[in-house]
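The values are calculated or read from the model by the stated rules, or taken from the named source; none is laboratory data. Bear in mind that the values here come from a model prediction, so they are computed numbers and not experimental data. When we count neighbours, we look across all protein chains shown, and the Cβ atoms used for this are built from the backbone with ideal geometry, even at glycine. Heads up: the accessible areas ignore ligands, DNA and RNA and are worked out on the full protein's heavy atoms, side chains in. Shrake-Rupley method; radii C 1.70, N 1.55, O 1.52, S 1.80 Å.
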Number of protein chains: 4
Amino acid sequence: MKKIVILASLLFVIVLGLNAQKQQRNEISIPDVGGYKTLKCDFHIHTVFSDGKVWPDVRVMEAWNEGLDAIAITEHLEYRPHENDIKADHNRSYDIAAKAGEKFDIIVIRGTEVTRKKPMGHINAIFTKDNNLIANVDSIESLKEAKKQGAFIFWNHPSEKYGKWSATQDFLYKEKLFQGIEIVNSSRYYDDAFAWCNDKSLTIMGNSDVHLPIDHDYDLLGNNHRSLTLVFAKEKTEAAIQEALVAGRTAVLFNHQLMGKEIYVKEIFTKSIEILPQHKLFKKSIRNKSLLMIKNTSGIEFSIKTKSTNTEIKISTSMVLKPNAVSYIEFEYNPSEMGAKEIAIPLEIENILVGPSKKFETSIQLRLITE
Amino acid sequence: MKKIVILASLLFVIVLGLNAQKQQRNEISIPDVGGYKTLKCDFHIHTVFSDGKVWPDVRVMEAWNEGLDAIAITEHLEYRPHENDIKADHNRSYDIAAKAGEKFDIIVIRGTEVTRKKPMGHINAIFTKDNNLIANVDSIESLKEAKKQGAFIFWNHPSEKYGKWSATQDFLYKEKLFQGIEIVNSSRYYDDAFAWCNDKSLTIMGNSDVHLPIDHDYDLLGNNHRSLTLVFAKEKTEAAIQEALVAGRTAVLFNHQLMGKEIYVKEIFTKSIEILPQHKLFKKSIRNKSLLMIKNTSGIEFSIKTKSTNTEIKISTSMVLKPNAVSYIEFEYNPSEMGAKEIAIPLEIENILVGPSKKFETSIQLRLITE
Amino acid sequence: MKKIVILASLLFVIVLGLNAQKQQRNEISIPDVGGYKTLKCDFHIHTVFSDGKVWPDVRVMEAWNEGLDAIAITEHLEYRPHENDIKADHNRSYDIAAKAGEKFDIIVIRGTEVTRKKPMGHINAIFTKDNNLIANVDSIESLKEAKKQGAFIFWNHPSEKYGKWSATQDFLYKEKLFQGIEIVNSSRYYDDAFAWCNDKSLTIMGNSDVHLPIDHDYDLLGNNHRSLTLVFAKEKTEAAIQEALVAGRTAVLFNHQLMGKEIYVKEIFTKSIEILPQHKLFKKSIRNKSLLMIKNTSGIEFSIKTKSTNTEIKISTSMVLKPNAVSYIEFEYNPSEMGAKEIAIPLEIENILVGPSKKFETSIQLRLITE
Amino acid sequence: MKKIVILASLLFVIVLGLNAQKQQRNEISIPDVGGYKTLKCDFHIHTVFSDGKVWPDVRVMEAWNEGLDAIAITEHLEYRPHENDIKADHNRSYDIAAKAGEKFDIIVIRGTEVTRKKPMGHINAIFTKDNNLIANVDSIESLKEAKKQGAFIFWNHPSEKYGKWSATQDFLYKEKLFQGIEIVNSSRYYDDAFAWCNDKSLTIMGNSDVHLPIDHDYDLLGNNHRSLTLVFAKEKTEAAIQEALVAGRTAVLFNHQLMGKEIYVKEIFTKSIEILPQHKLFKKSIRNKSLLMIKNTSGIEFSIKTKSTNTEIKISTSMVLKPNAVSYIEFEYNPSEMGAKEIAIPLEIENILVGPSKKFETSIQLRLITE
């Protein structure tokens, strides 16, 4: 009886002043694992002081908005296209960013990028003391100086373009001149780099390598964010991050793809999901039917494939667990056929890699009720 | 040195099967208050069995998707435009919805709508036992029968069109033939109805009165949802909801507008926000400057006006606390002028009403640091 | 000098009545081709009169909102789970929808679904005259009656579950008891069905098979819409749609995937994009560099792979042409090496199929400027 | 019969490389008026060369993305907080931006900002020839030099904070040292400035005054964009823009609020909307009922209030015309009561101002059909 499509008596007001100034921070919800704090970090960032396009304090504001805990400022030592306009040494951009970091409570780490053509490619050193001393025409000397300063050194975007593992890397590896590799840089994933890290106990990294304003490179709507290195650190301090990097306690997260050692990603997954208590059955013919409801409390969207070969239970083969939501699939079973009351459903998590091209597999227990 | 605008080597795949089927539930995050559970309820809903446009089980699926705890199915007794096609009694739509409610763990409450022109207008009875007995050409008899069945009765959308408070309502009120009023129906808010509820100790209600699929009436993106009655119940059961309604323990939430008794909405606000520990100062000339960071853990967006008349502190006059985010404003003060180290900042919360046109006022304590 | 992060003097008003009632229609922008009008159609739709969940007029409102031109109402003849409540013949839901169609200027086509287990599977007949005469325990008789009524008959979702091409389909095909196949149903694409259509001159179809409210099955944000059959019709009338279906003038569009005969999809692509006039070069070392800007005036997002093997020109290998937007990629060339001033860039359009697993290939001409 | 909630056989693929790099331009659709081209311009922009936070070429990329035609780079002459790091004259940022402008086909205009406390406030000069000559401790000399260079001069954000119209402005106005005023700056609208422009034939301006990356200040989703000056120019050239500014042919657009002389905004509105041909009536009791459908082809959302006092026709009092969409409202009339077949419906467009606090009023003709 009420009119359905009437749109009456709306109050329209001139509301200028409504622009969504980004004075807000969206936390990225990922569980702590192994007794460590899970810190969201980006260790590869440029500003106008090398070939980036924003002032260093913008990097801190962006990190704060996006829910990050720590960033490293890593200007190229050798490539400074703005040097006719900007007169500053190799530490200056860090100094500016670090001051903004205090304001926003973001950890800012001093770093720099040693930039060569392949086979050397690009190499980042972070936790440096004085970048000016690292600048050197001899790149090996640069890395040695960085190492001397106590830096954590990692190899950036190993690829056709910038060079893959070669005799040069063999040498650097033997000399302990790098301890990690970016398996994700910006929006590219390097499957072979993941293998090298596993084989040689190098730390996996995922970084943005952002040059433009972050919104230009990433669509930050919803639960999206830049490529991240998740660091499992004893506490939220610069020293604890460094200790975790050296110890190899990282995972990589980008675009809802999680990569890392099974021990860490398994705990992230397990702590993120919760199987809700079984609801009432709704029978259909002779088979029992029910909903399997799973709550995902993390900010990661999980894509799950059920691999049940159990013929007594019929279950949808896939489900998507949206972030911060409850999702369900239907399942059916014939109570008379079922011997056991509990059944394990093997799962393959499509968006978690525990090694190169190796998807994470686990299982959940379903408790079946026969009325 | 990295190319900025290159878009290389993307992997494009034919991904059919990507449509966002709504198999997910987004919880509406609102704190529990007064030792009660805060349940999200909609007590005014139609289906094809009166003049609605969907099958009753759709109402349950919609409620589940949207994060509701309980709904009432309230078909018109007198207005049934589909009756040439649908042959069913006045309880049938509830029965269908209730079965779906078991599947999805949504509380479904039997109800009905007594539909008259003004001055009587439309009146809902919920927690009824048999709607067929309530159908009656004499509307007073209808309400008496509903009362006899133990129903909670409330007056719908009191307005110019459907009737405002008149002698009829005086009579019904004296006879205790209604106990609540919709101060929000669909997208309309009735300020005078809020006053009547306060004056006469009637329970405030906010309901959708949805006829079409819920997505037609509401943009359910982000943290949006339908008009809701928040019920502060002892537990999540039908009986506890009824007890809370009778006791007047409700608030109304629509479009990030919260209305209710100060005792409840104050606790919702207080539990929703958290003032983060003070970060380092960043000085500017002779005045100290710092960021006030506030975390909003609820799903409600709060619009705040600071009303500080303290001349020693300079603070932005407004801020918006987005749901599930940290927001900040800058403030400045001159440490030498400041006597006290603590200062109260009076706030007016623009989107919380504690009475008709009466905004909720509160204050926060700022601890000022002089270095 | 202006404060950056101030958020001052916002005007907050209680604006109830803001809910986004769907009283708007978003046109799906696709060019007309071959001198025909491109009509957006969905020929497979259910309502509460069979196993759907909404009243028939909702299907018209949904179609209007979504930018469709025509829909067919195709209830199951044999599967009517609501028949205890809904007493109506097999034409009733069409009659209700058709009346709403007049209101919204949407073409509503009478149809029905003959529903059998495999190998027969589900078959739709549209442009029927009286569905009651088609209901028959003998499914062949049903189809013969539909044919007698002048219906266009097509096979729904051919798949493992509902049956693939078998002796049954050989028989039906020889008897001319179906003229088309759904190569897309809901969110599933059947590559082999596309092959059968090509081999046997059957009309390709793409339909929603929607049962729930359309928003439940599809995320209709942005440029998204349900699975569609594009019909290239002489005019926007029911008769012209039927003529085009019989003549096989269709394409299928879902989730920005376009499938169809090369003659049609090529013209859609060609008319949708416009290469903007070449802008000024910006030199870099000895190579000329410029932007290739392409405007996409359609509502379809095109994913393009450039396949240039020309060594004189260096161009990004992929680009995405967002709907209703201009996109660009950079290219570089050495003017001294270039003999010709025009160069053809071969393209593969990743989201257009002209046959089963066969991507559409075309090329664009680049005019190179040597200063 | 089809399962409703099954989510089967989805294909999940590791798709890295999906980040939405902003290589696309969304045109802002606004009709040309008065035989002129409607250009979208922002004449108040900062970069790292004064107190902004991005490199000048970013401003061009942002403008291209957002659908702008022209921008002016207007660094503060006096306020250069980065000058310890950046050594450059007052023309340098323009030079960098201008080069990027050639690449993206965006008109970049040289400008500068003379920055004083109130009562003078901040004043922009654009179309300058050499900003170094304008820098002067005597602000009047600055403006005289700018005028000598042929600049168009306008007063920025006149407000309590930066100064309102005073004797200083009387003087500058008499000396013809400014020709326009920002009635919108960033997200603030100055109603009194609109009055001053109308009274004194000054050109109205609306600009972003952006310092941070544009995404930080504006939510650029959907049809949103920064505050703009619409310039009605003879052609898309820098000279034509200057001619139009001097002639006062501008309007201001922000957040779907349009301000300007009635002659221009009326034509924008009239050309933006199209009343669709009347559809069939659908009777209800003794009154005819029909839908009024209006297509809005612009990118501006119009909020309309119908003000009909005609008692013979009943029409919804408000409607929102979403951008690039068809919207409708219902209307009813009694054919026997109606004398005329045509009826004018007076409209108030809530989001168009033709003067300070003066909403634009117009009317549409409805052709009523009596069957």
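The table below lists the values:
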| item | result |
| --- | --- |
| Segment A:68-99, residues that are over 24 Å from D:Ile96 (Cβ atoms) and of a type in the set (A, V, I, L, M, F, W, C) | A:Leu68, A:Ala70, A:Ile71, A:Ala72, A:Ala98 |
| Selection count, segment C:125-138, where residues are open to solvent by 20 Å² or more (accessible area, probe 1.4 Å) and small (Gly, Ala, Ser) | 1 |
| All positions within segment B:114-124 that are within 13 Å of chain A (Cβ to nearest Cβ) and open to solvent by 40 Å² or more (accessible area, probe 1.4 Å) | B:Arg116, B:Lys117, B:Lys118 |
| Residue check for B:Ile126: at pLDDT 95 or above and within 28 Å of the chain's Cα centre (by Cα) | yes |
| Near pairs, Cβ below 8 angstrom, 6+ apart or cross-chain, from segment D:86-113 (away from chain C (no Cβ under 14 Å) and over 25 Å from C:Pro277 (Cα atoms)) to any residue that is surrounded by fewer than 20 Cβ atoms within 10 Å (Cβ to Cβ) and among the basic types (Lys, Arg) | D:Ile86/A:Lys87; D:Ile86/D:Arg80; D:Lys87/A:Lys87; D:Arg110/D:Lys129 |
| Residue match in segment B:271-288 (condition: closer than 23 Å to B:His225 by Cβ, at pLDDT 95 or above and within 14 Å of chain C (Cβ to nearest Cβ)) | no |
| Residue check for B:Ile109: open to solvent by less than 10 Å² (accessible area, probe 1.4 Å), of a type in the set (Val, Ile, Thr) and closer than 22 Å to B:Lys164 by Cα | no |
| Test: residue in segment A:33-42 that is within 11 Å of another protein chain (Cβ to nearest Cβ), in a loop (DSSP other than H, G, I, E, B) and modelled with pLDDT of 95 or more | no |
| Of all residues making up segment B:195-236, the number that are open to solvent by 20 Å² or more (accessible area, probe 1.4 Å), at pLDDT 95 or above and farther than 22 Å from B:Glu267 by Cβ | 4 |
| Residue in segment A:25-46 that is among the acidic types (Asp, Glu), surrounded by fewer than 24 Cβ atoms within 10 Å (Cβ to Cβ) and within 24 Å of A:Ile153 (Cβ to Cβ) present | no |
| In segment B:49-85, the residues that are among the β-branched types (Val, Ile, Thr) and within 13 Å of chain A (Cβ to nearest Cβ) | B:Val54, B:Val60, B:Thr74 |
| Which listed residue is open to solvent by less than 50 Å² (accessible area, probe 1.4 Å), at pLDDT 85 or above, in a strand (DSSP E or B) and outside the structural domain of D:Ser29 (by TED's automatic domain parsing), from D:Ile300, D:Ile304, D:Ile343 | D:Ile304 |
| Lone unmet requirement of (1) without any contact (Cβ under 8 Å) to a residue 60 or more places away in the chain; (2) touching a Gly at 6+ places or on another chain (Cβ under 6 Å) for B:Ile126 | (1) |
| Complete set of residues in segment D:66-103 that are open to solvent by less than 10 Å² (accessible area, probe 1.4 Å) and part of a helix (DSSP H, G or I) | D:Ser93, D:Ala97, D:Gly101 |
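Yes/no matrix, rows are residues, columns are (1) at pLDDT 95 or above; (2) not hydrophobic (A, V, I, L, M, F, W, C):
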residue	(1), (2)
A:Asp57	yes, yes
A:Leu68	yes, no
A:Ile71	yes, no
A:Leu77	yes, no
A:His82	yes, yes
A:Asp105	no, yes
A:His122	yes, yes
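Yes/no per residue for (1) under 28 Å from A:Asn224 (Cα atoms); (2) in contact (Cβ under 8 Å) with a residue 40 or more places away in the chain; (3) part of a strand (DSSP E or B); (4) within 14 Å of chain C (Cβ to nearest Cβ):
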{"site": "B:Asp219", "(1), (2), (3), (4)": "yes, no, no, yes"}
{"site": "B:Arg226", "(1), (2), (3), (4)": "yes, yes, no, yes"}
{"site": "B:Thr229", "(1), (2), (3), (4)": "no, yes, yes, no"}
{"site": "B:Phe232", "(1), (2), (3), (4)": "no, yes, yes, no"}
{"site": "B:Ala239", "(1), (2), (3), (4)": "no, no, no, no"}
{"site": "B:Glu243", "(1), (2), (3), (4)": "no, no, no, no"}
{"site": "B:Leu258", "(1), (2), (3), (4)": "no, yes, yes, yes"}
{"site": "B:Ile268", "(1), (2), (3), (4)": "no, yes, no, no"}
{"site": "B:Ser290", "(1), (2), (3), (4)": "no, yes, yes, yes"}
